[in-house]
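Below is one structure, written out as structure tokens, with a few remarks after it.
The values are calculated or read from the model by the stated rules, or taken from the named source; none is laboratory data. Every value quoted in this text rests on a predicted model; they were computed, and no experiment measured them. Don't worry about glycine lacking a Cβ; one is built from the backbone with ideal geometry, like all the others, and counts go over all protein chains shown. Just so you know, the surface numbers come from the protein's heavy atoms only, side chains and all, with ligands and any DNA or RNA stripped out. Shrake-Rupley method; radii C 1.70, N 1.55, O 1.52, S 1.80 Å.
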Amino acid sequence: MINIQILSKSYFLNCFNLIKNETGDLELFKNIGWSYSQFEKQFLLDCNLAIGLFENKNLVSFIVGNLITIENITEYEILIIYVNKQKRRLGYASQLLENMEIILKLRQLKKIYLEVAANNKIAMSLYEDKGYLKTGIRKKYYKIKDKKIDAFLFEKNINDKI
């Protein structure tokens, strides 16, 4: 059975361990600044909003991000979308994105932002399929395996009626 729910602060360890248990993924996340302590700090932030997808009560995928308020307008920035390697290509990332949109619309937010490494073609295809538009680039933003990679910026307006 699949269940999607908002993750409380205590779930930081579950999210970290999900990545830690996948060969190579922990190294990748550490290279872009997501250590154990960063996960813990993120989940303790008041602006943190994370949801998880559970399969038979086991966390298999999650989104972590920040609610950002500028001039009385609150928007959401996705920091991480992660799906367990054995569960990829089952539509879990799509389900998480769709559920996050519903949550944000209920909170009357208007826009979602994210960035993705330019070499992550699968993720970019997902975002484009879900209606995200590429709006910019950060040159040599990521350092992955001692190589500088550009980051593409994406955003999506979600101000339509539910």
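Inside segment 69-105, can you point out the residues that are among the acidic types (D, E) and outside any helix (DSSP H, G or I)? Explain how you work it out, then say what you get.
Within segment 69-105, the first condition is being among the acidic types (D, E), and the residues that meet it are 71, 75, 77, 98, 101.
Within segment 69-105, E71, E75, E77 meet the criteria.
On the basis of being part of a strand (DSSP E or B), at pLDDT 95 or above and surrounded by 13 or more Cβ atoms within 10 Å (Cβ to Cβ), does L49 make the cut? So L49 passes the test.
Of all residues in segment 10-39, those that are in contact (Cβ under 8 Å) with a residue 60 or more places away in the chain have Cβ atoms under 7 Å from Cβ atoms of residues that are in a loop (DSSP other than H, G, I, E, B) and surrounded by 15 or more Cβ atoms within 10 Å (Cβ to Cβ), 6 or more apart or on another chain, in L18/N84; E22/N84. Of everything in segment 129-162 that's within 22 Å of A93 (Cβ to Cβ), in a loop (DSSP other than H, G, I, E, B) and charged (D, E, K, R), which residue is nearest to the chain's Cα centre (by Cα)? Within segment 129-162, the match that is nearest to the chain's Cα centre (by Cα) is K130.
Put simply, of E77, E55, E98, E128 the only residue that is in contact with a Gly (Cβ under 7 Å, 6 or more places away or on another chain) and either over 26 Å from Q5 (Cβ atoms) or not hydroxyl-bearing (S, T, Y) (or both) is E77.
The residues of segment 140-154 that are closer than 28 Å to I73 by Cα and either at pLDDT 95 or above or among the aliphatic types (A, V, I, L, M) (or both), listed by number, are A151, F152, L153, F154. One residue is enough: does segment 31-45 have a residue meeting the conditions polar (S, T, N, Q), touching a strand residue (DSSP E or B) at 6+ places or on another chain (Cβ under 8 Å), open to solvent by 20 Å² or more (accessible area, probe 1.4 Å) and in a helix (DSSP H, G or I)? Checked against the condition, which is being polar (S, T, N, Q), touching a strand residue (DSSP E or B) at 6+ places or on another chain (Cβ under 8 Å), open to solvent by 20 Å² or more (accessible area, probe 1.4 Å) and in a helix (DSSP H, G or I), segment 31-45 yields at least one hit.
Here's a check for you: in segment 106-128, which residue that is assigned to a helix (DSSP H, G or I) and not hydrophobic (A, V, I, L, M, F, W, C) is most open to solvent (accessible area, probe 1.4 Å)?
Kept after step one, since they are assigned to a helix (DSSP H, G or I), are these residues of segment 106-128: 106, 121-128.
Subset that is not hydrophobic (A, V, I, L, M, F, W, C): 121, 125, 127-128.
Details: K121: 136, S125: 53, Y127: 19, E128: 99 Å².
It comes out as K121.
Has segment 75-85 got any residue that is out of contact with any strand residue (DSSP E or B) (no Cβ under 9 Å at 6 or more places or on another chain), surrounded by fewer than 16 Cβ atoms within 10 Å (Cβ to Cβ) and at pLDDT below 95? Before you say what the answer is, go through the steps one by one.
Residues of segment 75-85 out of contact with any strand residue (DSSP E or B) (no Cβ under 9 Å at 6 or more places or on another chain): 85.
The next check asks that each one be surrounded by fewer than 16 Cβ atoms within 10 Å (Cβ to Cβ); those that pass are 85.
Still in the running and at pLDDT below 95: 85.
Among the residues of segment 75-85, at least one is out of contact with any strand residue (DSSP E or B) (no Cβ under 9 Å at 6 or more places or on another chain), surrounded by fewer than 16 Cβ atoms within 10 Å (Cβ to Cβ) and at pLDDT below 95, which makes the answer yes.
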